[in-house]
Amino acid sequence: KQYMSEEKAPATGLGRDVTSASTSASAAAAFVLDRDKFQMKQTYAGLRVPAKLCGRVIKALGRHKLQQKGKLKPVLVDPQDPLGRIVLLDYSSVVDLPNSVQEIIHQNELEIVQQDVVIGYEQLTADEVLSLIIPEGIPVPTSYEQVGHIAHLNLKPAHEPYKYLIGRVLLDKIPTLRTVVNKVGTISTKFREFHMELLAGDNDFQTEVKQHGCIFRFDYSKVYWNSRLQTEHIRLCEYFKPTDAVYDVMGGIGPFVIPAAQKGVHVVKGNDLNVDAYEAMKNNVALNKVSVECYNMDGRDFIQYVIRTFMDPESDKSVNSQDVTHHFAMNLPALAVTFLDAFAILDSLPHIPKPVIHVYSFSKDDDPVAESVQQVEAVIGRPVPKDNIINVHDVRNVAPGKEMMCVSFRYPPPVPADAPSEESDGRSSKRQRIEFEE
């Protein structure tokens, strides 16, 4: 506690649940950072270097010289010789110097010194500051998601007394941040919003993110966004050819449809039930100057509308051609699999080509590849032939023992009445357990 003092009321807006405008109960007591108390003396190994050799020695040292820490530079004026320099090394003791540094010292006939310097709050990294103010035994939060100017933390209960300090330190140390928030609870609404509280900075959630040449603007407090999925957005787009048609059932603000349209896919349509996501998708389509038709519908209604309107060769708006493949993206891992029942209308419309479906899910099974396919089969009520499975991709680990999966498959035709049952084929469909996303 030597680095902080306690106050009873946090700054205006801090602790506010920005998605429900309620006040955090723990906001009654907060610690205030006392930056002046971080002054400390630290010793570094250094080299006494003539000024005329300084540039050459620094270049030779490379990463072995002291990495810049705030206003503390790696080169100091030699206190014994105003025309000389002390080059600080990234080592606290001369006994730690590697052979490559020893060789530079020998070649240039340099003197090794132990140099004391005074460092303070400005010279410390965020991790170094937090390791000093958070009690031993409580892990220092080292990871966060940055969404434009917003840092999104997922703090543990043990961090509760220090959460405003953590927010303030990140704001001080990371120049690109203006707002720091903490996730409160889990994603538990059909609109995929998550509750968050403001820890530090501006109460401003209108942000902008750039990914793979696309620009996305949105209100982070009202829509779903996950920067960790940017590689997945591009991976899926690799399946789409210019002659294809792409329909994103749970399209959010457009992270799949906009790259697809930018790639030159001829027909791209995006949908989201969340009206804020739908409006952001429309705005991002205009911002990126691409051609995407946007919808604000229930996912099942959108699927069946697309099938009857754009996939049916007999429809006036049909986009069918000899080269077209219809792709449905369904990125709502907690629930997307349950929407597969909407494709059942294809069984009574045999003249409509079967689409390729990319459906996301969570799996806690020891074999997430097999289990994610079983989730699909449980909903569509039939096995998916191996030839119909294009790929089963492990997108990322979202929690210990929990994987986010993507099953890409062509929708199978109905099983003939005289076909072997699943049991006789040695296969079974495991009913999935639906849960909201972490």
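The values are calculated or read from the model by the stated rules, or taken from the named source; none is laboratory data. Bear in mind that the values here come from a model prediction, so they are computed numbers and not experimental data. Note: ideal-geometry Cβ built from the backbone for every residue, glycine included; neighbour counts use all protein chains shown. Surface areas here come from the heavy atoms of the whole protein model, side chains and all, with no ligands, DNA or RNA. Shrake-Rupley method; radii C 1.70, N 1.55, O 1.52, S 1.80 Å.
Summary table below
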{"item": "Hits in region 51-77 (condition: outside any strand (DSSP E or B), within 18 Å of Ile119 (Cα to Cα) and open to solvent by less than 50 Å² (accessible area, probe 1.4 Å))", "result": "Leu66, Gly70, Pro74"}
{"item": "Positions within region 134-146 being more than 18 Å from Val398 (Cα to Cα) and out of contact with any Leu (no Cβ under 6 Å at 6 or more places or on another chain), in sequence order", "result": "Ile134, Pro135, Glu136, Gly137, Ile138, Pro139"}
{"item": "Yes/no for Ala329 being modelled with pLDDT of 95 or more and touching a Phe, Trp or Tyr at 6+ places or on another chain (Cβ under 9 Å)", "result": "yes"}
{"item": "Residues of region 263-292 classified as open to solvent by 70 Å² or more (accessible area, probe 1.4 Å), in contact with a strand residue (DSSP E or B) (Cβ under 8 Å, 6 or more places away or on another chain) and at pLDDT 95 or above, total", "result": "3"}
{"item": "Residues of region 263-307 that turn out to be out of contact with any Leu (no Cβ under 8 Å at 6 or more places or on another chain), assigned to a helix (DSSP H, G or I) and not hydrophobic (A, V, I, L, M, F, W, C), as a count", "result": "12"}
{"item": "Pairs, first open to solvent by 10 Å² or more (accessible area, probe 1.4 Å) in region 238-257, second in a loop (DSSP other than H, G, I, E, B) and among the polar types (S, T, N, Q), C-beta under 6 Å, six or more apart", "result": "Met250/Asn331"}
{"item": "Subset of region 346-369 (residues that are surrounded by 14 or more Cβ atoms within 10 Å (Cβ to Cβ) and over 25 Å from Asp301 (Cβ atoms))", "result": "Ser363, Asp365, Pro368, Val369"}
{"item": "Of residues in region 209-243 being under 14 Å from the mean Cα position of the chain (by Cα) and basic (Lys, Arg), the one nearest to Gln262 (Cα to Cα)", "result": "Lys210"}
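Yes/no per residue for (1) assigned to a strand (DSSP E or B); (2) closer than 26 Å to Pro313 by Cβ; (3) without any contact (Cβ under 8 Å) to a residue 40 or more places away in the chain:
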| site | (1), (2), (3) |
| --- | --- |
| Tyr360 | yes, no, no |
| Ser372 | no, no, yes |
| Gln375 | no, no, no |
| Arg396 | yes, no, no |
| Cys406 | yes, no, no |
| Phe409 | yes, yes, no |
